[in-house]
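Below is one structure, written out as structure tokens; comments come after it.
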Protein chains: 2
Amino acid sequence: MKFCSQCGKDVALTIPEGDDRERHVCLHCSTIHYQNPRIITGTLPILEDRVLLCKRAIEPRHGFWTLPAGFMENGETTEQGAVRETWEEARAKIKVDALYTLFNLPQINQVYFFYRGTLTDINFGPGPESLEVELFYEHEIPWQELAFPVITETLQHYFADRKENNFPFRTKDLIRPLNKPLIS
Amino acid sequence: MKFCSQCGKDVALTIPEGDDRERHVCLHCSTIHYQNPRIITGTLPILEDRVLLCKRAIEPRHGFWTLPAGFMENGETTEQGAVRETWEEARAKIKVDALYTLFNLPQINQVYFFYRGTLTDINFGPGPESLEVELFYEHEIPWQELAFPVITETLQHYFADRKENNFPFRTKDLIRPLNKPLIS
């Protein structure tokens, strides 16, 4: 951020009075521009014994497999956002069962939500951000070609929980070791 | 938003190519300025049979009672933010047990997290955003003077769950009726 979105003049990084951390503050109109983490919301879509995955058509991790998910929009709930992203990325309709996994990724200022749900029919296909959309049995999951750790963790929990037919809500903080890349 | 935070020139509300909703887009450098919901994170602090509440020193709902909570910051987890807010608003130290309630408030683009936890000692007091901080037994809770519906719901769940000594995670969407004010 270089300019004030309210008056167009220069901003500077400074600690406002009564605050304890640096903010972008307008040197002209004194507006404080807060920056906050963003929510990414998606689904774990199930059809009988198979899970739906999307091959990413965009960076980061172009060509890797992911669950349908994306940035939550203003005016919607986390569940509505998850259902919307499932349609946008996989052209799939889903009946949500429950919130299943929630991850904090503080180094990239993101909080991930995944809802477990069931596809309402067999129709699906790639939206503009996907190269392919496919259903996978557990033994077919491309574990080495998954896009993000949150995808791997959610799928691992699901296949373990399915054996018990019990799907408790889980939350975890994913802190990246300093010497490892984000995507590993 | 009136001006581009990257180049300081005018922005306009328009639907970017490939998108399906209006965004603030810079007419000069074409930067798209996304706006997303924000997370508010806090705690339900317990000391034996009592719950800690803060009387708000700021608007909205100045003078009403709340649980310590505030906007999640970049670089922290939802749990770390909740612990930080408990210190900032109530000068209280807390050992978190678990995430307890999660609320979507889509009409004001907010998602609320409350963590259940135990005060680690009897020391507490008002931070700059609180007028008073007090411990309340269930029969002392000022139900008519609570600041927000998310506070009322979290406290109601807690006192009901305490009878069973079982505190399941709960999530709920709070949709405001069109003819009712937000705070009622």
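The values are calculated or read from the model by the stated rules, or taken from the named source; none is laboratory data. Treat the numbers as computed from the prediction; the structure is a model and nothing was measured. Note: ideal-geometry Cβ built from the backbone for every residue, glycine included; neighbour counts use all protein chains shown. For accessibility, only protein heavy atoms count, side chains too; no ligands or nucleic acids. Shrake-Rupley method; radii C 1.70, N 1.55, O 1.52, S 1.80 Å.
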Find the residue count for the range A:136-165, including only residues that are closer than 12 Å to A:R116 by Cβ and either within 14 Å of chain B (Cβ to nearest Cβ) or of a type in the set (D, E) (or both). 1
Of residues in the range B:5-25 being over 29 Å from the mean Cα position of the chain (by Cα), facing another protein chain (nearest Cβ under 8 Å) and not in a strand (DSSP E or B), the one farthest from A:M1 (Cα to Cα): B:G18
Would you confirm whether any residue within the range B:132-145 is part of a helix (DSSP H, G or I), hydroxyl-bearing (S, T, Y) and assigned by TED's automatic domain parsing to the domain that holds B:I58? no
Counting just the residues of the range B:26-55 that are within 7 Å of chain A (Cβ to nearest Cβ) and closer than 30 Å to B:W143 by Cβ, which one comes out surrounded by the fewest Cβ atoms within 10 Å (Cβ to Cβ)? B:R38
Say whether the condition of being outside the structural domain of A:R50 (by TED's automatic domain parsing), of a type in the set (G, A, S) and farther than 20 Å from A:A82 by Cα is met by at least one residue in the range A:147-170. no
Search the range B:125-141 for residues being under 19 Å from the mean Cα position of the chain (by Cα) and loosely packed, with under 15 Cβ neighbours inside 10 Å, and hand back the single one that is modelled with the lowest pLDDT. B:P128
Could you list all residues from the range A:26-67 that are at pLDDT 95 or above and more than 16 Å from the chain's Cα centre (by Cα)? A:I46, A:L47, A:E48, A:D49, A:R50, A:V51, A:G63
Of those in the range A:26-56 that are part of a loop (DSSP other than H, G, I, E, B) and in contact with a helix residue (DSSP H, G or I) (Cβ under 9 Å, 6 or more places away or on another chain), the residue nearest to A:N109 (Cα to Cα) is A:P37
Can you tell me which of (1) among the aliphatic types (A, V, I, L, M); (2) surrounded by fewer than 18 Cβ atoms within 10 Å (Cβ to Cβ); (3) within 30 Å of B:F167 (Cα to Cα); (4) within 14 Å of chain B (Cβ to nearest Cβ) is the one A:L99 doesn't meet? (2)
Anything in the range B:107-131 that is in a strand (DSSP E or B) and of a type outside the set (K, R)? List them, or say none. B:Q110, B:V111, B:Y112, B:F113, B:F114, B:Y115, B:G117, B:T118, B:L119, B:S130, B:L131
Has the range B:59-80 got any residue that is open to solvent by 40 Å² or more (accessible area, probe 1.4 Å) and in a helix (DSSP H, G or I)? yes
